[in-house]
1. Is it fair to say Phe30 is modelled with pLDDT under 85 and within 14 Å of Pro272 (Cβ to Cβ)?
2. May I ask you to list the residues in the stretch 58-100 that are of a type in the set (D, E, K, R), modelled with pLDDT under 95, more than 13 Å from the chain's Cα centre (by Cα) and farther than 15 Å from Val243 by Cα?
3. Of all the residues that make up the stretch 265-284, how many are part of a helix (DSSP H, G or I) and touching a strand residue (DSSP E or B) at 6+ places or on another chain (Cβ under 8 Å)?
4. With modelled with pLDDT of 85 or more and either surrounded by 13 or more Cβ atoms within 10 Å (Cβ to Cβ) or on the phi > 0 side of the Ramachandran plot (or both) as the only criterion, which of Pro272, Pro286 stands out?
5. Residue check, Asp21 against (1) closer than 30 Å to Phe171 by Cα; (2) modelled with pLDDT under 80; (3) surrounded by 18 or more Cβ atoms within 10 Å (Cβ to Cβ), all met but one. Which one?
6. Going by what's in this entry, would Met320 be described as under 30 Å from Cys26 (Cα atoms), in contact with a helix residue (DSSP H, G or I) (Cβ under 7 Å, 6 or more places away or on another chain), surrounded by 11 or more Cβ atoms within 10 Å (Cβ to Cβ) and at pLDDT below 80?
7. Would you point out the residue of the stretch 154-212, among those that are more than 26 Å from the chain's Cα centre (by Cα), surrounded by fewer than 14 Cβ atoms within 10 Å (Cβ to Cβ) and assigned to a loop (DSSP other than H, G, I, E, B), that is modelled with the lowest pLDDT?
Amino acid sequence: MATQQPLPPADCVGDNTVDRDVWLACAAPFSRIPTVGDEVDYFPDGHIEQHLSAAPQPLPAQHRFHCTVTDVSLGVDDKTDEVFAKISLRPRPGRAAAPPPGPGGSSNSPAPSPPQKLRYFTKELSQTDVYARFRIPLDNEHVLPIPMVDTDGVQRQDVVMRDTSGKSWRFSKTYSVNPSKQHSLTTGWLDFAKAKRLAAGDKIVFMRRPNGDLIVGVRRLDVPRYPLFDFQGPDPDQPAQDVMEAVRLAAAGRPFTVTYFPRQAAVEFIVPRSEVDDALATSWEPGALVRMEVMEDENRQYTMWVVGRVEAIRQNIWRMLEVLKLSSRLPSIGLMTFTP
């Protein structure tokens with residue numbers, strides 16, 4: 001295997017930076033990252049949902065702020081491996097056009113780049129995966145190929161992977177030809193699972209770059225477990241003071257920065273302005289049919305379209321539509337999520 005280079009250095013204590021491809025692979029399905037110069041709308045109501053608690057004060061009557069993205073930094077918490085993005089915004093009055101992106105922005109701003117064709121797969125961990133050995137699905141040879149060295153009917157190979165903090169881990173990868181044709185990570189895996197405090201239900205993300213470098217990430221299942229890790233992100237038991245500060249600065253027309261945790265936020269709260277404008281130009285009425293793309297199977301990256309019917313329309317633009325899906329009621333969702 002080719003020599004593996006370390007990930008970029010940390011940009012602050014307790015955090016490590018990751019590149020755009022790795023961030024997207026480890027984030028929630030359909031997560032997006034804005035780029036410097038983008039015109040967006042910031043929704044405080046969506047921001048407060050990330051904290052799993054009510055705002056200490058009523059949010060302002062203005063439920064969205066027109067902004068321009070001035071900086072984006074991508075990171076990963078060094079204790080939980082959860083990815084996040086720090087997004088700096090400058091409020092813009094009215095409908096003034098955003099200036100073209102500058103030549104650089106900050107050194108941490110991820111500029112658009114050609115796709116690197118990062119291949120990856122995810123798997124939800126079982127009890128066996130956590131406490132015995134990790135069974136690799138046989139249909140993911142494009143990321144973790146079956147070993148070709150044959151010894152006593154069992155093919156073995158040592159592989160080295162980096163986690164999203166840049167630390168290297170060595171695993172023994174085996175493939176039992178008889179009787180079950182099991183492809184597994186054995187030696188080294190339990191040390192990794194213990195160090196990462198993995199639990200059944202968490203998802204593991206295995207990534208392979210075009211040059212063969214392997215990276216392993218984690219998608220945690222249970223947000224309330226995070227305080228056990230001394231999580232760097234928003235504390236669900238504390239008032240969301242950072243949201244109130246962002247709202248105060250936005251209302252005053254001053255620049256501000258928000259931190260977006262894609263696996264904690266129900267939906268993104270920084271949305272391209274063009275999408276919001278298009279959605280608001282739609283004549284939404286009770287009884288209208290809508291559809292929404294959902295991730296049916298994260299492990300297979302399989303999506304499907306869900307059809308629903310608008311049951312109610314609320315005054316607040318955030319979670320404006322209440323939609324009935326077949327026999328079960330979906331929670332109200334921001335209107336920009338739906339397609340008529």
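1. yes
2. Asp78, Lys79, Arg92, Arg95 - these are the residues of the stretch 58-100 that are of a type in the set (D, E, K, R), modelled with pLDDT under 95, more than 13 Å from the chain's Cα centre (by Cα) and farther than 15 Å from Val243 by Cα.
3. 3
4. Answer to the check: Pro272.
5. Against the list (1) closer than 30 Å to Phe171 by Cα; (2) modelled with pLDDT under 80; (3) surrounded by 18 or more Cβ atoms within 10 Å (Cβ to Cβ), Asp21 comes up short only on (2).
6. When the stated conditions are applied, Met320 does not pass them.
7. Pro179
Yes/no per residue for (1) outside the structural domain of Ala312 (by TED's automatic domain parsing); (2) in a strand (DSSP E or B); (3) under 25 Å from Trp23 (Cβ atoms):
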site: Met244; (1), (2), (3): yes, no, no
site: Arg248; (1), (2), (3): yes, no, no
site: Arg254; (1), (2), (3): yes, no, no
site: Thr257; (1), (2), (3): yes, yes, yes
site: Arg263; (1), (2), (3): yes, no, yes
site: Pro286; (1), (2), (3): no, no, no
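The values are calculated or read from the model by the stated rules, or taken from the named source; none is laboratory data. Every value quoted in this text rests on a predicted model; they were computed, and no experiment measured them. Counting neighbours? That spans all protein chains shown, and the Cβs are built from the backbone with ideal geometry, glycine included.
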